[in-house]
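Notes to accompany the following structure.
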Amino acid sequence: MTAVCLLEEVENRLAELARKTGRTKSFYIWNAIMEYLQDMEDLYLGNQELEKVRAGKSKLTPIEDLLAEFGIRSRS
């Protein structure tokens, strides 16, 4: 379990949102954390892959090849 201290203004906004929507504060805290974690994972994993590409350690596939592989016709 992890405890989080919020600024009073944030706590008040969260409590008001929970009251108005009938959800719990925990619901909104959990959803906010999950969304943030997903964004950070995408960012850091994307940057790691970009470094591999720049170092020649990861293979790139042209978009035309991917479209053909999945039977999708190009718009051009």
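The values are calculated or read from the model by the stated rules, or taken from the named source; none is laboratory data. What you are looking at is a predicted structure, and each value in this text was computed from that prediction instead of being measured. For neighbour counting, all protein chains shown are included, and Cβ atoms are generated from backbone atoms with ideal geometry for every residue, glycine included.
This table checks each residue for (1) in contact with an Asp or Glu (Cβ under 9 Å, 6 or more places away or on another chain); (2) part of a helix (DSSP H, G or I); (3) modelled with pLDDT under 95.
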residue	(1), (2), (3)
31	no, yes, no
34	no, yes, no
37	no, yes, no
42	no, yes, no
45	no, yes, no
52	no, yes, no
59	no, no, yes
64	no, yes, yes
Here's a check for you: in the range 9-63, which residue that is surrounded by 10 or more Cβ atoms within 10 Å (Cβ to Cβ) and among the basic types (Lys, Arg) is nearest to residue 75 (Cα to Cα)? 52
First in the range 1-15 and at pLDDT 95 or above, second anywhere and assigned to a helix (DSSP H, G or I) and among the basic types (Lys, Arg), Cβ under 6 Å, 6 or more apart: 14/25
Of 16, 41, 35, 69, the only residue that is acidic (Asp, Glu), farther than 30 Å from residue 5 by Cα and out of contact with any helix residue (DSSP H, G or I) (no Cβ under 9 Å at 6 or more places or on another chain) is 69
